[in-house]
Amino acid sequence: MAGGFSIAADGKSGRREFKGKITWYVWICGIIAATCGLMFGYDIGISGGVTAMDDFLIEFFPSVYARKHRAKENNYCKFDDQRLQLFTSSLYLAALTASFGASMVCTRFGRKRTMQAASVFFLAGTGLCAGASNLAMLIVGRICLGVGVGFGNQAAPLFLSEIAPAHIRGALNILFQLNVTIGILVAQIVNYLTSTVHPMGWRYSLGGAAGPAAVLFLGSLVITETPTSLVERGQKEAGRAMLERIRGTKEVDEEFEEISLACETAAKMCEEEKPFRRLRRRESRPPLVIAIVMQVFQQFTGINAIMFYAPVLFQTMGFASNASLLSAVVTGGVNVLSTLVSIVLVDKIGRRKLLLEACVQMLIAQVAVGGIMWVHVKASNSPSHGWALATVVLICVYVSSFAWSWGPLGWLIPSETFPLETRTAGFSFAVSSNMLFTFVIAQAFLTMMCTMRAFIFFFFGICIVVMGAFVLTLLPETKGVPIDEMVDRVWRKHWFWKRYFRDADDAKVNNC
Ligand SMILES: OC[C@H]1O[C@](O)(CO)[C@@H](O)[C@@H]1O
């Protein structure tokens, strides 16, 4: 067992900490739930490598295969095919649709059942994709995986927050994003290994998702339901028993009272006005705008253009298929390590500084990559090996800054800025915005690269300048601010957002 923690009246914030230990059970449940992130990451990382494999193209996209190997073909347009992009993006469209239903399932049937359902969809989708004999089967498989992602991404972060003792909640939350990056890296390594296995390599790649899916399925049979979800669904005694178990003590009166009170208040407010309706109130606008904008901007950094299509991009730069996959593995490794940096720095130097530093670093890298491509990638010529290598290094510079900023903070900030009564409803807008714009980038990137060529990187560069200006002027710093004091200590004090809070009553409504 790790250290215990006890009730301590924090004079400044008025917050209490509760008795209990950080039990092994919490860690085990947390690690199993974070497997949802692993599945999400694996699905993100696997499609780019698979679409660069000749055996896969011959089987499902023969015209793209023919174009790719046509000597005179324009380098930028080799992979521009709407159906090929649909293979990648269908998953996110399904996840976007599913995430609305998932928030309802999560409330009515609990977080554990929602994750179990996700694992069943993951297993079905993996089977369909790995065994696909035609395009329809492949797409249906991707849709099943997408429903799994929609369910998993709604339930897992919520689950992690609810079982974690307050003082390690941030660390457990970033465990989810860390798992996403590990999933992406594992997928890239699998792609690298299977790309030399002919003709079945792509099937092994897609089938590899069965590993984390099975862990999640078996794990979700043994993990607990969260005390909050049990109480929310009227099972008060079971909720208390579960709280005692995960805290490793019978002295949970204080925490249990707070959970019960929060559930009662939320239920009362829900009777008066549904959370989604409450989100339309004027005072809900600041956190809602921030939640949506953080996710939209996260995608307009261009990160998923790299995560999905790095192997395709590196082939455009003239690398052989295998070297492209290896380069993608390198960027995936940088992504994982840099996410660890975020865990260490986020509560020390704050959110705004990380985001702003990353904007500068990403801008320099994007403009440099765009410049290299503009000067050195001609319609049918590839740049020299040296320039191609420089591109890989620049992409790593870019990915590292994303991974310690917009990656984890795109989830963290929306999860900490809503008041309790709109927190889950508001957060579902963050999840669905992420899915929508992941879909948009997945569907549009190859076409954009074909039509905009090197300017695609300048386009993302312009987006990054806008993002930097937004952070500078409109994003408040939330480091160290207690989660239930955001209205008074953050929103009401902000030069712009304070106008959304007309009088003291608004603050009370928001701090219930
Ligand atoms: O690590 C990069 C990945 O992380 C995410 O932001 C999800 O949290 C994805 O959109 C992206 O592919």
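The values are calculated or read from the model by the stated rules, or taken from the named source; none is laboratory data. Please read all numbers here as calculations on a predicted model, not as lab measurements. Positions of Cβ are generated from backbone atoms using ideal geometry, with glycine treated the same way; all protein chains shown enter the neighbour counts. Calculation scope for accessible area: heavy atoms of the full protein, side chains included, ligands and nucleic acids excluded. Shrake-Rupley method; radii C 1.70, N 1.55, O 1.52, S 1.80 Å.
Where the second residue is outside any helix (DSSP H, G or I) and open to solvent by 50 Å² or more (accessible area, probe 1.4 Å) and the first is more than 19 Å from Ala444 (Cα to Cα) and acidic (Asp, Glu) and lies in the stretch 42-70, which pairs have Cβ atoms under 6 Å and are six or more apart or on separate chains?
Asp55/His198; Asp55/Pro199
In this structure, does Ala388 turn out to be open to solvent by less than 10 Å² (accessible area, probe 1.4 Å), more than 16 Å from the ligand (Cβ to nearest atom) and over 30 Å from Arg281 (Cα atoms)?
It is true that Ala388 is open to solvent by less than 10 Å² (accessible area, probe 1.4 Å), more than 16 Å from the ligand (Cβ to nearest atom) and over 30 Å from Arg281 (Cα atoms).
Within the group Val312, Val329, which residue is part of a helix (DSSP H, G or I), open to solvent by 10 Å² or more (accessible area, probe 1.4 Å) and within 16 Å of the ligand (Cβ to nearest atom)?
The unique qualifying residue is Val329.
Given the conditions (1) modelled with pLDDT of 90 or more; (2) open to solvent by 30 Å² or more (accessible area, probe 1.4 Å); (3) charged (D, E, K, R), report the number of the one that Glu257 does not fulfil.
That leaves (1) as the condition not met.
Tell me which residues, restricted to the stretch 106-126, are of a type in the set (Val, Ile, Thr), farther than 17 Å from Asp43 by Cα and either open to solvent by less than 30 Å² (accessible area, probe 1.4 Å) or not in a helix (DSSP H, G or I) (or both).
Residue satisfying the conditions is Thr114 alone.
Filter the stretch 407-425 down to residues that are within 16 Å of the ligand (Cβ to nearest atom) and without any contact (Cβ under 8 Å) to a residue 60 or more places away in the chain, then give me how many there are.
Result for the stretch 407-425: 0.
Name the residue, out of Val369, Val377, that is more than 13 Å from the ligand (Cβ to nearest atom) and either open to solvent by 30 Å² or more (accessible area, probe 1.4 Å) or closer than 27 Å to Val293 by Cβ (or both).
Every option except Val369 fails the conditions.
Can you tell me which residue in the stretch 336-363 is farthest from the ligand (Cβ to nearest atom), limited to those that are among the small types (Gly, Ala, Ser) and surrounded by 16 or more Cβ atoms within 10 Å (Cβ to Cβ)?
The extreme case among them is Ala358.
What is the number of the single condition among (1) at pLDDT 95 or above; (2) more than 16 Å from the ligand (Cβ to nearest atom); (3) among the aliphatic types (A, V, I, L, M) that Ala323 does not meet?
Among (1) at pLDDT 95 or above; (2) more than 16 Å from the ligand (Cβ to nearest atom); (3) among the aliphatic types (A, V, I, L, M), Ala323 violates only (1).
For the stretch 55-74, indicate whether the set of residues that are open to solvent by 60 Å² or more (accessible area, probe 1.4 Å), under 22 Å from Ile259 (Cβ atoms) and modelled with pLDDT under 90 is non-empty.
Within the stretch 55-74, not a single residue is open to solvent by 60 Å² or more (accessible area, probe 1.4 Å), under 22 Å from Ile259 (Cβ atoms) and modelled with pLDDT under 90.
Select from the stretch 134-150 the residues that are farther than 20 Å from Leu84 by Cβ and more than 16 Å from the ligand (Cβ to nearest atom) and list them in ascending order.
The answer is Val147, and nothing else.
Answer yes if at least one residue in the stretch 393-408 is of a type in the set (Val, Ile, Thr), within 23 Å of Asp347 (Cβ to Cβ) and surrounded by 21 or more Cβ atoms within 10 Å (Cβ to Cβ), and no otherwise.
Yes, the stretch 393-408 has at least one match.
For Ile184, all conditions in the list (1) under 16 Å from Phe308 (Cβ atoms); (2) at pLDDT below 90 hold save one; what is the number of the exception?
With respect to (1) under 16 Å from Phe308 (Cβ atoms); (2) at pLDDT below 90, Ile184 is out only on (2).
Picking from Leu436, Leu472, which residue would you name as being within 16 Å of the ligand (Cβ to nearest atom), open to solvent by 20 Å² or more (accessible area, probe 1.4 Å) and touching a residue at least 12 places away in the same chain (Cβ under 8 Å)?
Leu436
Among the residues of the stretch 204-211, are any farther than 19 Å from Ala52 by Cβ, under 21 Å from the mean Cα position of the chain (by Cα) and open to solvent by less than 20 Å² (accessible area, probe 1.4 Å)?
Scanning the stretch 204-211 turns up no residue that is farther than 19 Å from Ala52 by Cβ, under 21 Å from the mean Cα position of the chain (by Cα) and open to solvent by less than 20 Å² (accessible area, probe 1.4 Å).
Any idea how many residues of the stretch 28-49 are of a type in the set (Val, Ile, Thr) and either at pLDDT below 85 or within 16 Å of the ligand (Cβ to nearest atom) (or both)?
Result for the stretch 28-49: 3.
Find all pairs meeting these conditions: Cβ atoms under 7 angstrom apart; at least six residues apart or on different chains; first residue within the stretch 92-121 and more than 14 Å from Val147 (Cα to Cα); second residue crowded, with 24+ Cβ neighbours inside 10 Å and among the small types (Gly, Ala, Ser).
Filtered contacts from the stretch 92-121: Gly110/Ser229; Arg111/Ala155; Arg111/Ser229; Lys112/Ser220.
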